[in-house]
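For reference, the structure discussed in these notes is given below.
The values are calculated or read from the model by the stated rules, or taken from the named source; none is laboratory data. Please read these numbers as outputs of a predicted model, since none were measured by experiment. With ideal geometry, Cβ positions are generated from the backbone for all residues, glycine too; neighbour counts draw on all protein chains shown.
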Amino acid sequence: MRAALVFVLGASACAAPADTAIVDRVIDGDTIVTTTGEKIRYLLVDAPETTNGHADCYGSSAAHLNSDLVLGKTITLTYDVTRTDAYGRTLAYVSVGEIDVNALLVERGAACVLFIPPDGAERRAAYEALEADAKLHRRGIWGSCDPLPPAC
């Protein structure tokens, strides 16, 4: 599956500009804050909620995995069509080195695919394949949650 992660990262890395940042805080499984205060919402994924009074099944595990992957690290942000969402968060694919963090969260069952056109069109099929494999092997939420969290 590692080859798939590198493939997903490389699939559209040249299609949009990229920036680097250092992660100061992890809000949950799909949202982080950089040292400059910029709030980043991961594209094409939706992790179970752990904020604003929510305690969705697997939400803490997703947030912990996200923290292990990015907290205090230099990340690369790659953008798609829409740069910000209705809440003022920057929308991006996040990578650490050659690891596509968004895809890894889906692969490990810590997040589900969330396709909101036009963003994610190029990577959607690859992410959906990672999600199908996570379901098949009952990784993360797929083996731990009944019922599934609202994100999925």
Check: If we scan region 45-57, do we find a residue that is modelled with pLDDT of 95 or more and over 18 Å from L114 (Cβ atoms)?
Finding: no
Checklist line | Residue under evaluation A103, criteria (1) in a helix (DSSP H, G or I); (2) more than 23 Å from R25 (Cα to Cα); (3) not β-branched (V, I, T), criterion not met | finding: (2)
Notebook entry, point to check: Which condition does G10 not pass, out of (1) at pLDDT below 95; (2) in a strand (DSSP E or B), if it passes all the others?
Noted result: (2)
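Mind telling me which of the residues A110, A132, A151 ends up being buried (at least 21 other Cβ atoms within 10 Å of the Cβ), modelled with pLDDT of 95 or more and at negative phi? Please lay out each step first, then the result.
Values: A132 fails: buried (at least 21 other Cβ atoms within 10 Å of the Cβ); A151 fails: modelled with pLDDT of 95 or more.
Of A110, A132, A151, the one residue that is buried (at least 21 other Cβ atoms within 10 Å of the Cβ), modelled with pLDDT of 95 or more and at negative phi is A110.
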Next item on the list: Go through region 83-94 and give me each residue that's exposed (fewer than 14 other Cβ atoms within 10 Å of the Cβ) and either within 13 Å of D28 (Cβ to Cβ) or of a type in the set (S, T, Y) (or both).
Entry: T84, Y87
Next item on the list: Filter region 33-56 down to the residues that are in a loop (DSSP other than H, G, I, E, B) and touching a residue at least 40 places away in the same chain (Cβ under 8 Å), then identify the one that is farthest from A21 (Cα to Cα).
Entry: D56
